Amino acid sequence: MKLIIHAPIIVLLLLHAHPVLADEPTTADEVLARYVAALGGHEQLAARQTLRITGTTSLPDDMQAKIVNEYRRPMMYRSQLTPAPDTGLPTVTYGYDGQVGWHIMPMFGSTEPQELPPDMVRIFAELADLDGPLVDAKAKGHRVELIGREQIDARPVYRLKLTLKGAGDGEFDDCYIDAETWLLVKTVGQRTVLGQVNQIERTYSDYHRVAGVMIPYTERTVTTPPKSVHVLQIENVETNVALPVEHFNFAAIKEAARQATEATDTTNAKSDTPTGTVRNDAHARQLYDEMIAAFRNPKTLSFDSTYELRLGTFPTTCTYQAWLKKPNQFRLEAHNPQGKTTGILIGDGLNLWIHWPNGRPYFYSPGTQENQLEYERTRNSSYMTKPAPLARHSIGHEVALLGSGILMNILDLSTFHGYTDSLQRLIDGVASAGTETINDEPCDVLDLSFMDGQRTWRLWVAQRDHLPRKLCETVRVAREIHAQETWSNIRINQPIPDELFAWKPPEGWQRWQMPDSEATLLKPGTTAPNFNLKLTDGKPVQLSDFRGKMVWLVFWRSG
């Protein structure tokens, strides 16, 4: 039997599926005109010279953070993210001043802004557009095409394809404008960052009118791969607040950070460690040597430690537990302020192993950042290993990889196994600083200096067993480094099962190593990028002045 549908019925079916509106826009320009009018119109938009948005945003592991996004015309942006205090994580800041993209990442040991890679700068340049790219898109050099009329959750929408000026291959945004409210409800796009292609989907809802302009108070962002979800919930919006250019400018912020560091270092000059070179005192030196012997002599030793590191104004705190056993076994577990284990270091007698029970941290240093996709793929199934020959390896040089914030143990724990830290040869002197009680333990207080006082220690050594109960260190470089440890629950010659020092990677896990900076170097034959700098006499010079000539670059690092 044939089913015959007459032409009028087909027309009725099409009309029911997509009703035609009398004033339906037929071009991208018409859709954009209604979108701008729905926002509040050009006049209201142009009246906003600065904007500050405060709210909350979600982070991985169900954490929340306060967020402040600030804008200044023509193209300046600054975002400050402050995790909850109980996370122990510092405030992170990103910015763009119209030319330079930058960030401040204290967890990587810097309180000064650092420049972002070029493809990340492009992302922040997009965010710096106070009105968004769809407003005056043509004037900004963007291309917008009308794809057609669709539906999202039974709501009619117009789909526009946005290609930003200077976009890379395959980079675009599909923008969905509500056919009734004419407000943006969703974007689906693609960006390439650090060599990885990301799909980014954003949904906008809960619009409020502020100073004549409609603003979505809820923004949900889904990025893949890997899949991550972030929800921004706006709490307050301020327009035309005082936001000077210096608040965004990379050079101005860098100089302000430098001055603040100098002021902090001056304030911290009176620290828990001596300043300058310590004169050697025979009795104090004997007490110090007894401490080293007491640390080396036991067959087993275990203890708990709280650790604090301060770089400039930023403090990092964490805890760790250590188990040491002769002849060459060790285990160190590091924990964040919430008690979650960040990393475990194990020595089985021949090799050391590092793994991360709650996922490997993302290790970053300028020029050697790990591919984000590779990181997400391996973070929960990777480990590190290397040989650990008796008395020829350093636990202290490995602990920074545990991800808790420990830069280095003040007293290298491999001293227990016969290792001699290179610092020991550089001791200027050991002096007595009296006695003091730490956690009910009477202690001799010893001051040490190294390398003419560039590094100093203060040690509280228990009179009962000659082991330290508290250790403080100051490293006097361009930005002073202050570290402090407090040891507790010390156990000497107590049985420790060998199983504690045995670990093998589970099936399917893969060995990982830090990104190699060599991969970021220019390949032979590549044109070197030009740069400008000042000579010691203050005269400017640029690399291009020496085109065609052999150039020697000699770098000196001090402090």
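Assorted remarks:
- Those residues of segment 163-181 which are at pLDDT 95 or above and among the small types (Gly, Ala, Ser), in sequence order: Ala179
- All of Glu219, Glu201 fail the test of being among the acidic types (Asp, Glu) and farther than 20 Å from Val135 by Cβ, apart from Glu201.
- Once segment 205-232 is narrowed to residues that are on the phi < 0 side of the Ramachandran plot and not in a strand (DSSP E or B), the residue that is modelled with the lowest pLDDT is Pro226.
- Enumeration of residues in segment 360-382 that are outside any loop (DSSP other than H, G, I, E, B) and modelled with pLDDT under 75: Gln372, Leu373
- Condition met for Thr342 (within 24 Å of Lys227 (Cβ to Cβ), touching a residue at least 40 places away in the same chain (Cβ under 8 Å) and in a strand (DSSP E or B)): yes
- Between Lys470, Lys386, the distinction of being of a type in the set (D, E, K, R) and more than 21 Å from Ala294 (Cα to Cα) belongs to Lys386 only.
- Filter result for Asp447 (open to solvent by less than 30 Å² (accessible area, probe 1.4 Å), modelled with pLDDT of 95 or more and under 30 Å from Pro515 (Cα atoms)): no
- Within segment 233-245, being assigned to a strand (DSSP E or B), open to solvent by less than 50 Å² (accessible area, probe 1.4 Å) and not hydroxyl-bearing (Ser, Thr, Tyr) holds for Ile234, Val237.
- Segment 403-444, subset among the β-branched types (Val, Ile, Thr) and part of a loop (DSSP other than H, G, I, E, B), residue surrounded by the most Cβ atoms within 10 Å (Cβ to Cβ): Ile406
- Given (1) in contact with a strand residue (DSSP E or B) (Cβ under 8 Å, 6 or more places away or on another chain); (2) in a loop (DSSP other than H, G, I, E, B), number of the condition Gly141 does not satisfy: (1)
- Screening His283, His355 for residues that are open to solvent by less than 30 Å² (accessible area, probe 1.4 Å) and on the phi < 0 side of the Ramachandran plot leaves exactly one candidate, His355.
- If you go through segment 65-84 and keep only what is under 17 Å from the mean Cα position of the chain (by Cα), of a type in the set (D, E, K, R) and open to solvent by less than 40 Å² (accessible area, probe 1.4 Å), you end up with just Arg78.
- All positions within segment 27-85 that are on the phi > 0 side of the Ramachandran plot and assigned to a loop (DSSP other than H, G, I, E, B): Gly40, Gly41
- Checking Leu184 against (1) at pLDDT 95 or above; (2) touching a helix residue (DSSP H, G or I) at 6+ places or on another chain (Cβ under 8 Å); (3) at positive phi, the condition it does not meet: (3)
- Residue match in segment 89-101 (condition: farther than 26 Å from Ala211 by Cβ, open to solvent by 20 Å² or more (accessible area, probe 1.4 Å), part of a loop (DSSP other than H, G, I, E, B) and hydroxyl-bearing (Ser, Thr, Tyr)): yes
- Residues located in segment 38-64, provided they are hydrophobic (A, V, I, L, M, F, W, C) and surrounded by fewer than 19 Cβ atoms within 10 Å (Cβ to Cβ): Ala38, Leu45, Ala46, Ala47, Leu59, Met63
- Contact annotation: residue pairs with Cβ atoms under 7 Å, 6 or more positions apart or on different chains, pairing a residue in segment 240-263 that is more than 20 Å from Val121 (Cβ to Cβ) with a partner that is open to solvent by less than 60 Å² (accessible area, probe 1.4 Å) and modelled with pLDDT under 95, are Arg258/Glu112; Thr261/Thr111; Thr261/Gly312.
- Counting the residues of segment 325-339 that are in a loop (DSSP other than H, G, I, E, B), closer than 22 Å to Pro495 by Cβ and open to solvent by 30 Å² or more (accessible area, probe 1.4 Å) gives 2.
- Qualifying residue in segment 118-128 (condition: free of Cβ contacts under 8 Å to residues at least 24 places away in the same chain, over 20 Å from Tyr204 (Cβ atoms), crowded, with 18+ Cβ neighbours inside 10 Å and under 32 Å from the mean Cα position of the chain (by Cα)): no
- Selection of segment 458-492 for residues being more than 21 Å from Arg285 (Cα to Cα) and among the small types (Gly, Ala, Ser) yields Ala478, Ala483, Ser488.
Every residue, every condition in (1) in contact with a Gly (Cβ under 9 Å, 6 or more places away or on another chain); (2) more than 20 Å from Phe295 (Cβ to Cβ), yes or no:
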| residue | (1), (2) |
| --- | --- |
| Arg379 | yes, yes |
| Ser394 | no, no |
| Leu401 | yes, yes |
| Gly405 | yes, yes |
| Ser422 | no, no |
| Ser432 | no, no |
| Val445 | yes, no |
| Gln454 | yes, yes |
| Arg458 | no, no |
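The rows are residues; the columns are (1) open to solvent by 10 Å² or more (accessible area, probe 1.4 Å); (2) farther than 22 Å from Ser394 by Cα; (3) part of a strand (DSSP E or B); (4) in contact with a helix residue (DSSP H, G or I) (Cβ under 7 Å, 6 or more places away or on another chain).
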residue: Leu287; (1), (2), (3), (4): yes, yes, no, no
residue: Ile292; (1), (2), (3), (4): yes, no, no, yes
residue: Phe295; (1), (2), (3), (4): no, no, no, yes
residue: Leu301; (1), (2), (3), (4): no, no, yes, yes
residue: Thr306; (1), (2), (3), (4): yes, no, yes, no
residue: Arg310; (1), (2), (3), (4): yes, yes, yes, no
residue: Pro315; (1), (2), (3), (4): yes, yes, yes, no
residue: Thr319; (1), (2), (3), (4): yes, no, yes, no
residue: Trp323; (1), (2), (3), (4): yes, no, yes, yes
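- Tallying residues that are open to solvent by less than 30 Å² (accessible area, probe 1.4 Å) and not in a strand (DSSP E or B) within segment 172-204 yields 2.
- For Ile104: the one exception among (1) of a type in the set (A, V, I, L, M, F, W, C); (2) open to solvent by 20 Å² or more (accessible area, probe 1.4 Å); (3) under 21 Å from Thr187 (Cβ atoms): (3)
The values are calculated or read from the model by the stated rules, or taken from the named source; none is laboratory data. Predicted model only: the values in this text are computed from it and were never measured. Neighbour counts are summed over all protein chains in view; Cβ atoms, including those assigned to glycine, are modelled from backbone coordinates with ideal geometry. When the accessible area is computed, the model is the full protein with side chains, heavy atoms only, and any ligands, DNA or RNA have been set aside. Shrake-Rupley method; radii C 1.70, N 1.55, O 1.52, S 1.80 Å.
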